[in-house]
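Undergrad: One structure coming up, written as structure tokens, with questions to follow.
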Amino acid sequence: MIYFNNVSKVYNKDAEKGSSIALDDVTLTVTTGEFVSIVGHSGAGKTTLVKMILADEVPTSGTVFFESINVLKLKNKELTKLRRRIGVVFQDFKLLSNKTAYENIAFAMEAVGKTNEEIESDVPHVLELVDLSDKMFHFPYQMSGGEQQRLAIARAIINQPELIIADEPTGNLDAINTYEIVQILKKINDLGTTVILTTHNRGVIDSVGGRVITMEKGKITRDDKNGKYVI
Amino acid sequence: MIELKRITKAGFINFSRSGIISWAAVLVVTITLCVITAIILLQAVLHFSLDQIKEKVDVTIYFAVGAPEDKILSLKKSLESLPEVEKVSYVSAKDALKLFRERHQNDYPTIQALDEIKDNPLGGYLNVKAKEVSQYESIANFLKSDDALVSGSTSVIDKVNYNQNKTVIDRLNNIISGAQKLGFLVTLILVVISVIITFNTIRLTIFISKEEIGVMRLVGASKMRVRGPFMVEGAIYGLIATIITLIIFWPVTAYLGRTMTNFLGINIYDYYISNLFQISVIILLSGVLLGMVSSFFAIRKYLNK
């Protein structure tokens with residue numbers, strides 16, 4: 001499904017005071033339906049790697065494919081279409097602050113051209129799935145961190161994407177909320193959606209299981225089918 | 001159509017939820033529209049004053065005593081056919097004498113002297129008004145030519161006062177032209193400054209939302225879906241600012257109309273009321289376009305991700 005071919009990313013390549021290598025010749029394949037956890041310390045290159053799938057970061061060299069599409073060659077409209085096939089969950093939630101929980105999810109549906117009837121029927125349903133029915137008309141600032149992250153997941157799954165990218169989704173959450181988020185992501189994966197999760201939380205990896213890719217200084221140092229957190 | 005409805009609705013919701021930021025933008029657009037309205041009114045005062053001055057300028061052609069009337073009327077006709085000429089009025093020798101007597105009715109020695117002469121010592125004259133002050137010179141040049149000016153070998157024209165007034169007319173012409181150029185320049189500078197300030201304020205309101213714009217793009221929203229509500233917000237700024245500006249100028253012009261009519265030469269309140277529709281259209285279009293175009297360009301930078 002996703003293929004990274006010798007991908008490198010160097011920040012400030014031409015700077016006199018030295019450049020910073022975020023990714024160093026990474027080659028990686030993710031197949032459909034996998035749950036892939038990418039682990040590593042801060043600055044290991046996890047976020048840079050997943051941002052490249054969305055073309056939110058451009059590699060210095062190498063290619064990134066989503067199925068047969070070379071992500072880096074996409075024009076604006078095609079990129080918009082690709083992003084509609086991917087759900088994204090961020091550590092800092094990235095919710096639209098001036099929209100209610102309902103409107104945040106409705107916005108993602110409007111973006112892909114869903115009708116008002118579809119929005120009115122699907123949004124309450126997905127909010128129920130993440131246990132936020134009673135917060136439907138609350139703004140993000142009126143919700144706890146765990147609730148905001150559940151809302152972000154609801155937004156990510158509403159259009160039934162083929163891939164969910166969760167970039168440190170539990171980074172700002174306590175243990176109970178972390179557990180809940182991981183369970184939701186596992187459930188999504190069980191239903192057939194590919195999930196790529198980046199984290200540096202040992203507990204998360206141990207409870208998820210599945211494939212674990214370890215990164216250090218921009219390189220993949222381990223790739224285990226049933227891996228553990230070994231940093 | 002459904003997309004347009006959603007964009008419009010989102011624009012209105014964003015405006016109402018942005019609170020003080022929206023009203024700060026409205027305030028800045030209002031200041032810009034006040035500047036534009038003030039300029040419209042000042043231009044009206046300037047044009048009125050210049051028209052008043054132009055009204056006072058004319059050229060008089062004095063004819064020799066006993067000049068044949070048919071020759072004078074023929075010249076009047078020729079002058080009227082000139083494209084530069086707005087109006088030509090003829091005062092006959094008899095009327096000239098009558099006007100002279102009226103003007104000097106309290107000047108006993110002059111009236112007595114006239115009575116003693118018995119014959120009318122005054123000739124008739126033509127009063128020529130040009131469309132523009134700058135056109136008097138070409139009228140004077142026409143009078144210098146041979147056409148219809150002579151009766152036999154004698155000139156029927158005694159004198160043309162253009163030559164005496166030439167310096168004053170030229171200076172006046174320069175003042176009018178200078179005032180118009182200066183007015184245009186001041187207008188341009190003020191409008192440009194106002195537009196820059198408005199653009200930067202709207203850019204600031206969009207800068208606050210730059211992260212959200214990025215998120216919208218990441219969830220797959222098209223450029224138009226992201227940009228549209230901001231442009232609608234910009235239009236709302238313009239619409240509200242127009243209403244506020246029109247309300248502000250109502251009492252302001254009423255006050256100026258009461259107190260400054262003698263000084264300005266024009267009742268600014270009457271002008272404002274009689275041109276309210278045109279002024280409203282101008283400032284509404286300026287405000288809405290300014291808001292929309294500023295939003296369009298301000299958001300561009302954050303959309304290319």
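Every read-out reported here was derived from the displayed coordinates using simple, explicitly stated rules and does not represent laboratory data. From a predicted model like this one, the values you see are computed outputs, not experimental measurements. Every residue, glycine as well, gets a Cβ built from its backbone with ideal geometry; the counts of neighbours run over all protein chains shown.
Undergrad: Given 5 Å bins starting at zero, what is the percent of C-alpha pairs of segment B:65-155 in each, up to the one with the largest pair distance?
TA: 3, 12, 20, 19, 15, 13, 10, 7, 1
Undergrad: A further question follows. Any chance you could give the angle, 0 to 90 degrees and rounded to 10, that helix B:69-80 forms with the longest Cα principal axis of chain B?
TA: 10
Undergrad: For a quick protection proxy, order the peptides B:110-116, B:34-40, B:69-75 by their average other-Cβ count within 10 Å, most packed first.
TA: Result, highest mean first: B:34-40, B:69-75, B:110-116.
Undergrad: At a Förster distance of 22 Å, what's the computed FRET efficiency of residue B:247 paired with residue B:274, Cβ-Cβ distance as r, to 0.05?
TA: 0.75
Undergrad: May I pose another question? Checking the cross-link filter: which aspartates and glutamates have an alpha carbon closer than 13 Å to that of residue A:217, excluding same-chain neighbours under 8 positions apart?
TA: Of all the aspartates and glutamates, those that pass the test against residue A:217 - Cα under 13 Å, at least 8 places apart if same chain - are A:24, A:25.
Undergrad: Net charge near residue A:216: determine it from the other residues with C-beta under 11 Å of the C-beta of residue A:216, scoring Lys and Arg +1 and Asp and Glu -1.
TA: +3
Undergrad: Using the Karplus curve 6.51 cos²θ - 1.76 cosθ + 1.60 with θ = phi - 60°, what ³J(HN,Hα) values do you get for each residue of segment A:191-206, in whole Hz, with x for Gly and Pro?
TA: 3J(HN,Hα) across segment A:191-206, in whole Hz: 7, x, 7, 5, 10, 10, 10, 10, 6, 10, 9, 4, x, 4, 4, 5.
Undergrad: On a C-alpha basis, how far is the centre of segment A:1-60 from the centre of segment A:171-231 in Å? Whole number, if you could?
TA: The two parts, judged by their Cα centres, are 17 Å apart.
Undergrad: Report ³J(HN,Hα) in whole Hz for each residue of segment B:254-269, in order, from the Karplus equation J = 6.51 cos²θ - 1.76 cosθ + 1.60 where θ = phi - 60°; Gly and Pro get x.
TA: After applying 6.51 cos²θ - 1.76 cosθ + 1.60, I find 4, 5, 5, x, 6, 9, 10, 4, 5, 6, 7, x, 9, 7, 5, 5 Hz.
Undergrad: While we're here: Full-extension gain between residue B:175 and residue B:187, please, as 0.36 nm times their residue separation minus the C-alpha to C-alpha distance.
TA: 2.5 nm
Undergrad: Please give the average number of partner chain Cβ atoms lying within 10 Å of the Cβ of each residue in B:208-218, rounded to a whole number.
TA: If you average over the peptide's residues, the count of other-chain Cβ atoms is 5.
Undergrad: Quick one: go through segment B:46-86 and flag any residue whose amide nitrogen is under 11 Å from the point 7 Å out along the Cα-to-Cβ line of residue B:131.
TA: Taking a point 7 Å out along Cα→Cβ of residue B:131, the residues of segment B:46-86 whose backbone N falls under 11 Å are B:82-86.
Undergrad: If you don't mind, there's one more thing I want to ask. Sorted by packing (mean other beta-carbon atoms within 10 Å per residue), highest first, where do B:78-90, A:184-196 land?
TA: Ranking the peptides B:78-90, A:184-196 by packing returns A:184-196, B:78-90.
Undergrad: Cα centroid distance between segment B:67-122 and segment B:217-250, in Å?
TA: Cα centroid to Cα centroid, the span is 66 Å.
Undergrad: What shape does segment B:97-247 take by its C-alpha gyration tensor, where a ≥ b ≥ c are the square roots of the eigenvalues and a/c under 1.5 counts as rounded, a/b above b/c as prolate, and the rest as oblate?
TA: It is prolate, given that a/c is not under 1.5 and a/b is the larger ratio.
Undergrad: Here is a further query. What does the charge add up to near residue A:98, with Lys and Arg as +1, Asp and Glu as -1, over the other residues with Cβ less than 14 Å from its Cβ?
TA: Here the charged neighbours net out to +1.
Undergrad: How many percent of the alpha carbon pairs in chain B exceed a separation of 29 Å?
TA: Result for the distance tail: 59 percent.
Undergrad: Which of the helices in chain A meet the span-like rule: DSSP H, Cα axial reach of 30 Å or more, Kyte-Doolittle mean at least 0.0?
TA: Going by DSSP H runs, there are no hits.
Undergrad: Quick check: from the Cα gyration tensor, does segment A:49-207 come out rounded (a/c under 1.5), prolate or oblate?
TA: Since a/c reaches 1.5 but b/c is at least a/b, the shape of segment A:49-207 is classed as oblate.
Undergrad: For labels at residue A:128 and residue B:118 in the simple 7 Å Cα→Cβ model, what's the distance in nm?
TA: Reported label-point gap for residue A:128 and residue B:118 is 12.3 nm.
Undergrad: Could you go through segment B:220-231 in sequence order and give the Karplus-derived ³J(HN,Hα) for each residue, using 6.51 cos²θ - 1.76 cosθ + 1.60 with θ = phi - 60°, rounded to whole Hz, and x for Gly and Pro?
TA: Going residue by residue, I get x, 6, 6, 4, 5, 5, 7, 6, x, x, 5, 5 Hz, with x marking Gly and Pro.
Undergrad: Long-range amide H contacts for residue B:86: which residues qualify at under 5 Å (H placed 1.01 Å from N, peptide plane, sequence gap of 5 or more or a different chain)?
TA: Amide H to amide H, under 5 Å and 5 or more residues apart or across chains, residue B:86 pairs with B:129, B:130, B:131.
Undergrad: If you don't mind, there's one more thing I want to ask. Under 5 Å between amide hydrogens, which residues at least 5 positions from residue A:88 or on another chain qualify, with H placed 1.01 Å from N in the peptide plane?
TA: Excluding prolines and chain starts, which carry no amide H, the hits are A:165.
Undergrad: Could you list log10 I(q)/I(0) for the protein assembly as shown at q = 0.10, 0.13 Å⁻¹, which the Debye formula gives when each Cα is one point scatterer?
TA: Relative scattering, expressed as log10 I(q)/I(0), comes to -0.90, -1.21.
Undergrad: Among the listed pairs A:73/A:114; B:71/B:98; B:94/B:118; B:77/B:144; A:51/A:99, give every one whose C-alpha distance is greater than 18 Å.
TA: As for pairs spanning more than 18 Å Cα to Cα, those are A:73/A:114; B:71/B:98; A:51/A:99.
Undergrad: Continuing with the same structure: Taking the Cβ of residue A:53 as the centre, find all other residues whose Cβ is under 11 Å away and add up their charges (Lys, Arg: +1; Asp, Glu: -1).
TA: Charge balance near residue A:53 sits at 0.
Undergrad: Can you list the aspartates and glutamates whose alpha carbon is less than 12 Å from that of residue A:225, not counting same-chain residues fewer than 8 positions off?
TA: Residue A:225 reaches A:34.
Undergrad: What is the Cα centroid distance between segment A:99-154 and segment B:276-305, reported in whole angstrom?
TA: About 32 Å separates the Cα centre of segment A:99-154 from the one of segment B:276-305.
Undergrad: Between residue A:214 and residues 5 or more places away or on another chain, which pairs have amide H atoms under 5 Å apart, with H built 1.01 Å from N, and which residues are they?
TA: Excluding prolines and chain starts, which carry no amide H, the hits are A:39, A:221, A:222, A:223, A:224.
Undergrad: Something else now. As a check on your grasp of the helix formula, calculate [θ] at 222 nm for chain A: sum -39500 (n - 2.57) over DSSP H runs of n ≥ 4, divide by the residue count, round to the nearest 500.
TA: Result for chain A: -10000 deg cm²/dmol, rounded to the nearest 500.
Undergrad: Among A:162, A:117, which comes first, second and so on when ranked by fewest other beta-carbon atoms within 10 Å?
TA: A:117, A:162
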